Amino acid sequence: MIPAPERPALTTELRKLFPDLYEPEVLEAVMQEGTVIQLHEGDRLMEMGQYIKQLPLVLSGSLRVLREDEEGRELLLYHVLPGQSCAMAITCCMGDARSNVRVIADEETEAIAVPTRLLDDWSSRFRSWKAFVMHQYQRRFDDLLNVVDGIAFRKLDERLLKSLRDRSHRAGSPVVHASHQELADELHSSREVISRLLKQMEREGLVRMGRQQVELLRP
């Protein structure tokens, strides 16, 4: 972990990625109190049942936020991308509650970790911070509605294709690096069913399958 003040160009980066934080005072507070953290793919930033001590402001990479049922099955809620934070984490921080989600790095990820003890004070002092928090809540509410819509109204093949397109968009490449099991876990299905659907999509000319990857032919 690196104290934020040791990254001189970080203020410019924050201003570009987080335009909602327009007040110089709040940027200065983030710089003074924040710590730059580096996460590798698969690292767990938050675990279910733990108290959250730091709130991540993502600078690069991607985090995925998951729920887990009593049988250990995971359900993807949303991704946290550069310029965003985790609304679920904000909720737990503000209420001093245990985390009800798991947060895992999708790839090499860099973020500024802000101590949660400061969040109440910042919401009172900085108008832009309060607006930023509300914006994160709205964005995540929309994400959760999409999850509900997908489960309730979309067929599994449509959800799989949407997942592949979302992953492709985030990576900036038509090639999605993910195993059939990873896709199955994300969609709350089985590896066998996902493999069967991918083979059908390949026959239809939508994708080309490789080892641990799927290439979208019609992104």
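The values are calculated or read from the model by the stated rules, or taken from the named source; none is laboratory data. It should be emphasised that the depicted structure is a prediction, and the values quoted were computed from it without experimental measurement. All Cβ positions, even for glycine, are placed from backbone atoms using ideal geometry, and neighbour counts span all protein chains on display. Heads up: the accessible areas ignore ligands, DNA and RNA and are worked out on the full protein's heavy atoms, side chains in. Shrake-Rupley method; radii C 1.70, N 1.55, O 1.52, S 1.80 Å.
For the structure I just gave you, tell me whether L217 is farther than 19 Å from L76 by Cα and open to solvent by 30 Å² or more (accessible area, probe 1.4 Å). Give the steps one after another, and end with the answer.
Details: farther than 19 Å from L76 by Cα: yes; open to solvent by 30 Å² or more (accessible area, probe 1.4 Å): yes.
When the stated conditions are applied, L217 passes them.
The residues in segment 193-219 that are under 13 Å from L183 (Cα atoms), assigned to a helix (DSSP H, G or I) and touching a residue at least 40 places away in the same chain (Cβ under 8 Å) can be counted, and the count is 1.
Take the conditions (1) part of a helix (DSSP H, G or I); (2) free of Cβ contacts under 8 Å to residues at least 60 places away in the same chain; (3) among the acidic types (D, E); D185 misses just one of them, which is (2).
Scanning segment 38-63 for residues that are touching a residue at least 60 places away in the same chain (Cβ under 8 Å) and within 24 Å of G150 (Cβ to Cβ) returns a single hit, S62.
Filter segment 186-200 down to residues that are within 19 Å of Y78 (Cβ to Cβ) and surrounded by fewer than 19 Cβ atoms within 10 Å (Cβ to Cβ) and give me whichever is farthest from the chain's Cα centre (by Cα). Lay out the reasoning, then the answer.
Step one: of segment 186-200, the residues within 19 Å of Y78 (Cβ to Cβ) are 186-189.
Now drop any that are not surrounded by fewer than 19 Cβ atoms within 10 Å (Cβ to Cβ), which leaves 188-189.
Numbers: H188: 18, S189: 21 Å.
Within segment 186-200, the match that is farthest from the chain's Cα centre (by Cα) is S189.
Restricting attention to segment 100-152, and to residues there that are in contact with an Asp or Glu (Cβ under 9 Å, 6 or more places away or on another chain) and of a type in the set (D, E, K, R), which single residue is least open to solvent (accessible area, probe 1.4 Å)? My answer is R102. Once segment 136-182 is narrowed to residues that are part of a loop (DSSP other than H, G, I, E, B) and of a type outside the set (S, T, Y), the residue that is farthest from the chain's Cα centre (by Cα) is K155. Can we say E41 is acidic (D, E) and more than 16 Å from the chain's Cα centre (by Cα)? No; evaluated as a whole, the condition is false for this residue.
Among what's in segment 8-47 and is charged (D, E, K, R), in contact with a strand residue (DSSP E or B) (Cβ under 7 Å, 6 or more places away or on another chain) and part of a helix (DSSP H, G or I), pick the residue that is surrounded by the fewest Cβ atoms within 10 Å (Cβ to Cβ). By that ranking, first place goes to E13. If you go through segment 92-122 and keep only what is closer than 17 Å to E33 by Cα and either assigned to a strand (DSSP E or B) or at pLDDT 90 or above (or both), you end up with E110, A111, I112, A113, V114, P115, L118, D121, W122. Listed by first and then second residue, the pairs with beta-carbon distance under 7 Å, at least 6 apart or on different chains, first residue in segment 165-181 and surrounded by 14 or more Cβ atoms within 10 Å (Cβ to Cβ), second among the hydroxyl-bearing types (S, T, Y) and assigned to a loop (DSSP other than H, G, I, E, B), are R170/S62.
If you take the residues of segment 48-81 that are part of a loop (DSSP other than H, G, I, E, B) and among the small types (G, A, S), which of them is surrounded by the fewest Cβ atoms within 10 Å (Cβ to Cβ)? Walk me through how you get there before you give the answer.
First, pick out the residues of segment 48-81 that are part of a loop (DSSP other than H, G, I, E, B): 48-50, 52-53, 61-62, 69-73, 81.
Adding the requirement that they be among the small types (G, A, S) leaves 49, 61-62, 72.
Values: G49: 8, G61: 20, S62: 21, G72: 6.
Going through the qualifying residues, I end up with G72.
Just one of (1) open to solvent by less than 50 Å² (accessible area, probe 1.4 Å); (2) over 17 Å from S62 (Cα atoms); (3) of a type outside the set (F, W, Y) fails for R203. It is (1). Residues that are at positive phi, open to solvent by less than 40 Å² (accessible area, probe 1.4 Å) and in a loop (DSSP other than H, G, I, E, B) occur in segment 82-91; there is at least one. Scanning segment 174-219 for residues that are among the polar types (S, T, N, Q) and closer than 24 Å to V103 by Cα turns up S179, Q181, S189, S190, Q212, Q213.
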